[in-house]
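We did not get these values from a lab; they are worked out from the coordinates using the rules stated. Remember, it's a predicted structure, so these values are computed and weren't measured experimentally. Ideal geometry is used to build each Cβ from the backbone, glycine not excepted, and the neighbour counts take in all protein chains shown.
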Amino acid sequence: MFLETPASGKKRGWIEVICGSMFSGKTEELIRRLKRSELARQKIAIFKPVTDQRYHPLNIVSHQGNQIVSTPVASSSSMLLLTSDTEVVGIDEGQFFDDGLPAVCKQLADSGIRVIVAGLDLDFTGQPFGPMPALMATAEYVTKVHAICLQCGNLAYVSHRTAENKNLVLLGETESYRPLCRQCFNSTFEMHV
């Protein structure tokens with residue numbers, strides 16, 4: 001859905017961010033929005049980091065198994081070369097992109113494209129993750145979705161890593177991560193520090 005600017009007749013673009021912990025439905029919501037754009041016959045381009053090969057080499061796949069075809073890219077600037085004549089751009093796993101992602105999203109939105117980015121807002125230590133904080137600050141719309149804390153049943157806010165790996169990026173699923181609320185995360189994290 002694009003609005004026409006009366007004075008110029010140009011399309012208005014904007015940035016939407018879908019964020020939250022793992023298992024909160026970020027990718028599911030991204031796919032839902034992109035499929036609605038497809039139904040509206042809008043021209044879409046969908047991207048994911050080339051490093052994310054967990055479910056499929058090309059497709060973005062949610063934990064529930066829904067999927068949509070995407071283009072894996074190595075850097076955020078690559079998206080600019082692949083979005084000519086595009087009305088909607090979808091980006092999954094935004095936290096894994098380089099720090100140039102906010103500028104790329106701004107450039108796309110400034111050119112009249114609706115940009116939808118899904119990603120983790122916090123890393124496994126509870127700190128802001130990659131380019132997501134800057135995207136959230138500059139986006140017109142931010143949707144924070146929540147998983148359920150697997151320890152107490154409250155709303156989860158962070159993806160607690162259960163694997164013994166201290167690297168910032170560790171692609172994994174339920175064998176490596178569990179969503180926890182603030183209180184459960186703080187008590188668990190303090191025991192491991």
Filtering chymotrypsin sites (Phe, Trp or Tyr not before Pro) in the stretch 55-164 by DSSP loop and by at most 15 other Cβ atoms within 10 Å leaves Tyr55
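Counting other Cβ atoms within 10 Å, keep those with at most 16, restrict to DSSP loop, and tell me which trypsin sites (Lys or Arg not before Pro) in the stretch 13-122 are left. Before the final figure, lay out the partial values.
Details: sites: Lys26, Arg32, Arg33, Lys35, Arg36, Arg41, Lys43, Arg54, Lys106, Arg114; in loops: Arg41, Lys43, Arg54.
Answer by residue number: Arg41, Lys43, Arg54.
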Between Asp110 and Gln64, the FRET efficiency computed from the C-beta separation at R0 = 25 Å comes out, to the nearest 0.05, as 0.15
Residue-wise, which Karplus ³J(HN,Hα) couplings in Hz belong to the stretch 98-103, taking 6.51 cos²θ - 1.76 cosθ + 1.60, θ = phi - 60°, and x for glycine or proline?
-> 6, 5, x, 4, x, 5
